[in-house]
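Beneath this line is the structure, given in structure tokens, with notes to follow.
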């Protein structure tokens with residue numbers, strides 16, 4: 001019996017993650033300095049961990065509302081209002097999910113009809129395309145380039161939009177490029193979305209990690225609030241990746257639809273983690289700002305370090321990734337990453353793992369200590385000589 | 001300046017080049033600022049934090065609460081200065097509350113510390129009483145958790 005034949009064609013059609021393959025090689029080796037990690041090197045601030053321990057002591061071990069704890073939804077709505085002046089009703093327009101990953105999946109499944117197309121600027125987070133495919137949709141990659149600072153433009157979008165296009169899925173600050181979108185350019189995108197009546201899913205998980213100017217929330221643009229499914233979470237800014245808490249904000253119809261899937265598949269996000277998230281929003285701002293300042297330092301260091309050895313490198317202005325071009329080496333992204341790992345034991349992620357337009361680049365995460373980064377830079381310098 | 005101090009407090013062995021990049025100023029500027037901080041005794045000293053127990057060295061540390069009679073004109077200062085001078089004294093603080101000075105003493109043996117308290121400290125004019133507490137274990141010192149190796153538990157590569 002060939003069990004492989006019994007797997008759903010929808011699942012079969014999704015290619016295995018490019019990162020996964022590389023991970024298997026890197027995980028076996030000893031003495032590796034990893035710039036391949038997509039999560040903070042900080043552990044969650046102690047006050048957040050402590051609040052969770054306290055919650056367990058007190059016996060908070062039950063389910064919560066499908067939508068998540070109301071106090072958490074209220075804190076989320078408050079933060080979004082304070083930062084971007086967008087108002088959401090915490091009772092009907094907010095949904096707490098198991099990480100942004102779940103929120104992304106719910107958003108896509110809630111709106112897509114089989115065959116619907118979704119415009120996805122690339123390079124981008126690895127799940128975008130896969131989630132669309134798993135929902136029976138058709139991902140339409142919109143390549144961005146280093147010349148455009150990895151920003152998506154309306155001209156490109158106009159070329160690829162069709163009558164079947166249902167949504168636009170953007171993630172800025174961007175993983176893997178570190179690109180951000182200034183308000184003016186987002187305005188143009190907003191007009192485009194309106195013109196073609198598209199839903200915009202905006203993954204803003206790295207919003208707090210913006211190093212130049214302030215982050216513009218897509219839902220804060222004129223007439224965009226109800227058209228947007230805003231996704232965010234706690235993993236990056238509060239160093240809470242393993243807690244798996246994210247959230248979605250949108251109009252009540254979309255949130256109710258997403259909740260319908262959520263309640264039958266996930267029921268609710270873990271209560272202890274939700275309580276930790278409440279603590280993060282109430283008292284975590286100082287610690288978070290300290291971490292952001294630290295990332296900014298490292299960002300400068302990596303940028304100067306990589307440019308200093310002659311690499312073409314776009315200045316990332318958000319997230320904690322830097323995305324140097326490796327074209328001058330004559331190697332492909334995968335070859336470069338494999339060779340670098342084998343000869344100098346530095347792990348980076350080949351850019352094509354994030355979409356075809358990532359070929360010719362590698363993603364280096366600077367969520368690592370200053371001493372690790374400076375050693376890694378030294379090794380890369382030796383490697384490209 | 002504050003940012004530089006924070007960086008040095010975390011790791012004073014960082015090369016100047018690195019500090020310059022992190023602070024986005026020139027090497028010369030960093031060197032000048034450090035010199036200024038040293039001259040002003042804002043940076044008092046650079047020294048490592050040593051876990052002597054780990055080094056197999058037995059040391060005895062005691063915290064001594066000292067009550068003293070403040071003296072005319074100089075208050076607590078004169079006595080505090082005298083106590084400071086003893087090399088056995090690791091730190092000395094003026095306290096509010098039930099006693100006046102908190103003296104931390106380090107010696108090789110219990111006897112040595114006891115001897116110091118009996119013969120040197122309590123015999124100083126103006127010292128009314130001493131209460132000696134011996135330290136049993138050090139968990140955290142100078143902001144550093146002694147036995148803390150928070151290893152990197154992250155996956156080597158993740159999206």
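For residues that are over 10 Å from residue A:368 (Cα atoms) and surrounded by 13 or more Cβ atoms within 10 Å (Cβ to Cβ), scanning just the range A:37-49, find the one that is nearest to the other protein chains (Cβ to nearest Cβ).
A:38
Considering A:383, A:336, which residue is away from every other protein chain (no Cβ under 14 Å), under 20 Å from residue B:159 (Cβ atoms), touching a strand residue (DSSP E or B) at 6+ places or on another chain (Cβ under 8 Å) and part of a helix (DSSP H, G or I)?
Answer to the check: A:336.
Would you check which residues across the range B:124-159 are under 18 Å from residue A:33 (Cβ atoms) and within 10 Å of chain A (Cβ to nearest Cβ) and list them?
B:150, B:152, B:153, B:154, B:155, B:156, B:157, B:158
For the range A:274-282, state whether one or more residues are free of Cβ contacts under 8 Å to residues at least 12 places away in the same chain, surrounded by fewer than 17 Cβ atoms within 10 Å (Cβ to Cβ) and either under 24 Å from the mean Cα position of the chain (by Cα) or within 14 Å of chain B (Cβ to nearest Cβ) (or both).
Checked the range A:274-282: no residue is free of Cβ contacts under 8 Å to residues at least 12 places away in the same chain, surrounded by fewer than 17 Cβ atoms within 10 Å (Cβ to Cβ) and either under 24 Å from the mean Cα position of the chain (by Cα) or within 14 Å of chain B (Cβ to nearest Cβ) (or both).
Residues to consider are A:167, A:219, A:190; find the one that is in contact with a strand residue (DSSP E or B) (Cβ under 6 Å, 6 or more places away or on another chain), in a helix (DSSP H, G or I) and away from every other protein chain (no Cβ under 14 Å).
The match here is A:219.
Restricting the search to the range A:301-321, which residues are closer than 20 Å to residue A:182 by Cα and within 14 Å of another protein chain (Cβ to nearest Cβ)?
Scanning the range A:301-321 gives A:315, A:319, A:320, A:321.
When only residues in the range B:2-41 that are loosely packed, with under 11 Cβ neighbours inside 10 Å and more than 26 Å from residue B:138 (Cα to Cα) count, which is nearest to the chain's Cα centre (by Cα)? Don't jump to the end; show me each part of the working.
Taking the range B:2-41 first, the residues loosely packed, with under 11 Cβ neighbours inside 10 Å are B:2, B:13, B:28, B:39-41.
Still in the running and more than 26 Å from residue B:138 (Cα to Cα): B:2, B:28, B:39-41.
On the way: B:2: 20, B:28: 30, B:39: 20, B:40: 19, B:41: 15 Å.
Applying the filter and picking the extreme gives B:41.
Among the residues of the range A:55-62, are any in contact with a helix residue (DSSP H, G or I) (Cβ under 8 Å, 6 or more places away or on another chain) and either within 14 Å of chain B (Cβ to nearest Cβ) or buried (at least 19 other Cβ atoms within 10 Å of the Cβ) (or both)?
Looking for residues that are in contact with a helix residue (DSSP H, G or I) (Cβ under 8 Å, 6 or more places away or on another chain) and either within 14 Å of chain B (Cβ to nearest Cβ) or buried (at least 19 other Cβ atoms within 10 Å of the Cβ) (or both), one finds at least one in the range A:55-62, hence yes.
Looking at the range A:360-379 only, could you name the residues that are surrounded by fewer than 24 Cβ atoms within 10 Å (Cβ to Cβ), part of a helix (DSSP H, G or I) and touching a strand residue (DSSP E or B) at 6+ places or on another chain (Cβ under 8 Å)?
A:372, A:375, A:379
Restricting to the range A:340-359, name every residue that is in contact with a strand residue (DSSP E or B) (Cβ under 6 Å, 6 or more places away or on another chain), more than 12 Å from chain B (Cβ to nearest Cβ) and assigned to a loop (DSSP other than H, G, I, E, B).
Matches in the range A:340-359: A:355 only.
For residues that are surrounded by fewer than 23 Cβ atoms within 10 Å (Cβ to Cβ) and either modelled with pLDDT under 95 or within 19 Å of residue A:112 (Cα to Cα) (or both), tally how many sit in the range A:203-213.
Final tally of qualifying residues: 2.
Test of understanding: among B:89, B:66, B:74, which residue is touching a residue at least 40 places away in the same chain (Cβ under 8 Å) and closer than 29 Å to residue B:127 by Cα? Even if it seems obvious, please write down each step before you answer.
Values: B:89 fails: touching a residue at least 40 places away in the same chain (Cβ under 8 Å); B:74 fails: touching a residue at least 40 places away in the same chain (Cβ under 8 Å).
B:66 is the lone residue from the list that is touching a residue at least 40 places away in the same chain (Cβ under 8 Å) and closer than 29 Å to residue B:127 by Cα.
State whether one or more residues within the range A:29-38 are at pLDDT below 95, closer than 19 Å to residue A:233 by Cβ and within 19 Å of the chain's Cα centre (by Cα).
Yes, because at least one residue in the range A:29-38 is at pLDDT below 95, closer than 19 Å to residue A:233 by Cβ and within 19 Å of the chain's Cα centre (by Cα).
Can you pull out the strands (runs of 3 or more DSSP E) entirely within the range B:58-159 that have at least 1 residues that are exposed (fewer than 12 other Cβ atoms within 10 Å of the Cβ)? So that I can check it myself, show each step before the final result.
Working: elements: B:60-68, B:89-94, B:101-107, B:127-134.
Per the criteria, B:89-94, B:127-134.
If residue A:66 meets every condition in (1) under 30 Å from residue A:322 (Cα atoms); (2) part of a loop (DSSP other than H, G, I, E, B); (3) within 24 Å of the chain's Cα centre (by Cα); (4) in contact (Cβ under 8 Å) with a residue 40 or more places away in the chain apart from one, which number is that one?
(1)
Here is a list of conditions, (1) part of a helix (DSSP H, G or I); (2) surrounded by fewer than 16 Cβ atoms within 10 Å (Cβ to Cβ); (3) at pLDDT below 95, and residue A:23 meets all of them except one; can you say which number that is?
For residue A:23, the failing item is (2).
Being part of a helix (DSSP H, G or I) and within 14 Å of chain B (Cβ to nearest Cβ) is the filter; apply it to the range A:9-20 and report the residue that is surrounded by the fewest Cβ atoms within 10 Å (Cβ to Cβ).
A:20
Spot the failing condition for residue A:365; the list is (1) more than 19 Å from residue A:38 (Cβ to Cβ); (2) at pLDDT 95 or above; (3) within 11 Å of chain B (Cβ to nearest Cβ), and only one is missed.
Condition (1) is where residue A:365 drops out.
The values are calculated or read from the model by the stated rules, or taken from the named source; none is laboratory data. Since this is a predicted model, take the numbers as computed values, not measurements. We place every Cβ from the backbone using ideal geometry, glycine too, and count neighbours over all the protein chains shown.
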